[in-house]
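Enquirer: Before I ask anything, here is the structure I am working with.
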Amino acid sequence: MSTGIRRPYLVWLVPVLWTLSLGLWGLSRQNSVWRDEAATWQVAERSPGEIWHLLGNVDAVHGLYYLLMHLLFEVFGASTTTLRLPSVLAVAVAAGCVALIGRRLAGPWAGLGGGLALGLLPAVQFQLQEGRSYALIAGGAGLSTLLLVSLIAGTGAVGGAGPGRRTGPRWTAYGALVLVCALLNWFSLLILPAHALTLWWARARRGVVVPWLLASAAAVAGALPLILFSRTQSGQVSWIPPLTWHMLIGPGVLLAVGALGAWADRAGGPRTGLPARLTAASVGLPLLAVPLLGLAAVSLVQPLFLDRYVLFSMLGLALLIGAALGAAVRALAPRYPRASGALVPVVVAASAVALLPVALADRSPASRVDDVLAVAGEVSELKRDGDAVLFIPAARRDTALVSPGAFAGLKDIALSRGPAESGTLKGEEADPARISAALREQRRVLLVTDSGKGAKPPGSPADRAKAAVLRAEFTVVEDRQVRGRRVTVYERRG
């Protein structure tokens, strides 16, 4: 029976090109950058020595990613394209891996459908154009899972003889990929119990299990120093709320969809040339469920449940969706061969149309909590040489670090040591008394702070001192709010 895909390379090439097109569409998000990406931007512009100084104090968990982005900024220059293109390329790689895994385990239509589905998943669409490390981890997870499947399927280690020496380089590559992903964010190590479950499900024998254990142990050992040191900086994630039942609704829906895909894959019948228990379900369901449930379990001890930490689990969901589509094609093919060949393109096109509002929203600046570039433009328009500038909270100084030209001529009167010098993201501010004294010497002040849902009352003693003097001795002469940030111009009374 014809598969309807005459050129096998199209199974992975089409998803790669499809994902690239989704990622390049609206990549600049109307030239907006939000606070998380601003952290990447400002650190990437520091020297390697300054980045190393920073990692000793904060953000050690992102150290490798910051160094990578520093290199890219040095070569290609700082821009929204340089900031986000690595994520686009990584998700495209992940889509190609899903397609290849799906083709091997469930047929060409399953591979094509799964590869095309990955870029449409809402969680993936959000991170597809994000200047952070999570998409890169998804790409690495796709490559490591593809390697694992090839090692199980190609060595005869399931129900047969163990692997030969020729598999050694692939196991080394597998361990290296897992380690690199862990150095980008060590929550990616949750892929190891997922792969362990796949090995158990597939009844892999000692010839595969032993080298997998060695490669996994080497990866964990390599990441262990980072894990232990980053735990000393756990205050950085203290803002994450405790796990509640309503936070699990979304993951529960995803798991239900994945279970349906696994059932459809099993109902589609066995594939020839593969171990009976090595299926899309045995690979995709653990990859989807184990990271989500594992992160939820960890969050019962310390609140850490953010779905972006396990974005790579969406590869499992895409693989299961593709398996379900492949099973549907096989069921239709005997009676409706032409209709079966059109099923995957039609379903993907209909899904793309249905998810178009999500895609448009994710490519809008309003999809993020704020925009540091937009507020920098307002500052540039409102400032006068010799004006002072204040930030409440101090972390809002990120807009000046990303767009220093917009703040040229302004005096940052609260700052005692700059971010690079102090090895911090926001710099070190003077004590409240010194800030108050410096503020009383100013005639005109620009205050950069949050607006809308992100706005909170001043929390630190320094921020309360700033607000108290402004309220008591200054008058608001202009106030502008733009994309989650606010610029207020104060002039001294009288």
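The values are calculated or read from the model by the stated rules, or taken from the named source; none is laboratory data. This one's a predicted model, so the numbers in the text were calculated from it and none came from an experiment. We place every Cβ from the backbone using ideal geometry, glycine too, and count neighbours over all the protein chains shown. Calculation scope for accessible area: heavy atoms of the full protein, side chains included, ligands and nucleic acids excluded. Shrake-Rupley method; radii C 1.70, N 1.55, O 1.52, S 1.80 Å.
Enquirer: With axes computed from alpha carbons, what is the tilt in degrees of helix 249-267 against the longest principal axis of the chain, rounded to the nearest 10 within 0 to 90?
Expert: It is inclined by approximately 20 degrees.
Enquirer: Can I ask one more? Would you please give the residues with an amide H less than 5 Å from that of Asp412, counting only those at least 5 places away or on a separate chain, with H modeled from the backbone geometry?
Expert: Those lying under 5 Å, H to H, from Asp412 are Val389.
Enquirer: In whole Hz, what ³J(HN,Hα) sequence does region 199-210 give by Karplus (6.51, -1.76, 1.60; θ = phi - 60°), x for Gly and Pro?
Expert: 4, 5, 4, 7, 6, 5, 8, 4, x, 9, 4, 5
Enquirer: Quick one: what are the phi-derived ³J(HN,Hα) couplings along region 472-486, Karplus 6.51/-1.76/1.60 with θ = phi - 60°, whole Hz, x for glycine and proline?
Expert: 7, 10, 10, 10, 6, 10, 7, 9, 10, 10, 8, 6, x, 10, 9
Enquirer: Give the carbon-plus-sulfur fraction of the accessible surface of region 338-442 in %, rounded to a whole number; probe 1.4 Å, heavy atoms of protein chains only.
Expert: For region 338-442, the apolar C and S fraction of the accessible surface comes to 59 percent.
Enquirer: Here is a follow-up. Taking only protein heavy atoms into account and a 1.4 Å probe, give the accessible area per residue of the chain in Å².
Expert: That works out to 43 Å² per residue.
Enquirer: Another question, then. So how do 104-113, 183-192 stack up, highest first, on mean other-Cβ count within 10 Å?
Expert: Descending mean neighbour count gives 104-113, 183-192.
Enquirer: Determine the share of region 15-123's accessible area contributed by carbon and sulfur atoms, expressed in whole percent, with a 1.4 angstrom probe.
Expert: Carbon and sulfur: 67 percent of the exposed surface of region 15-123.
Enquirer: Using only alpha carbon pairs under 8 Å that are at least six residues apart, calculate the relative contact order of region 65-114 and give it in whole percent.
Expert: Rounded, it is 21 percent for region 65-114.
Enquirer: Carbon and sulfur atoms: what percent of the 1.4 Å accessible area of region 222-319 do they account for? Can you show the working numbers first?
Expert: Values: 3400 of 4710 Å².
Whole-percent figure for carbon plus sulfur exposure: 72.
Enquirer: Nearest 10 degrees is fine. How inclined is helix 80-106 to the longest principal axis of the chain, computing both from alpha carbons?
Expert: Helix 80-106 and the main axis of the chain meet at about 20 degrees.
Enquirer: Can you compute 3J(HN,Hα) from phi for each residue in region 297-305, using the Karplus curve 6.51 cos²θ - 1.76 cosθ + 1.60 with θ = phi - 60°, rounded to whole Hz and x for Gly and Pro?
Expert: Karplus-based 3J(HN,Hα) across region 297-305 equals 5, 4, 5, 6, 8, 9, x, 9, 7 Hz.
Enquirer: What does the convex hull of the alpha-carbon atoms of the chain project to on average, in nm²?
Expert: 24.6 nm²
Enquirer: Between the helical axis of 35-44 and the dominant principal axis of the chain, each derived from Cα atoms, what acute angle in degrees is found, rounded to the nearest 10?
Expert: The angle comes out at about 90 degrees.
Enquirer: Something else: Could you sort Trp12, Trp171 by accessible area so the largest value comes first, with the probe set to 1.4 Å?
Expert: From most accessible down to least: Trp12, Trp171.
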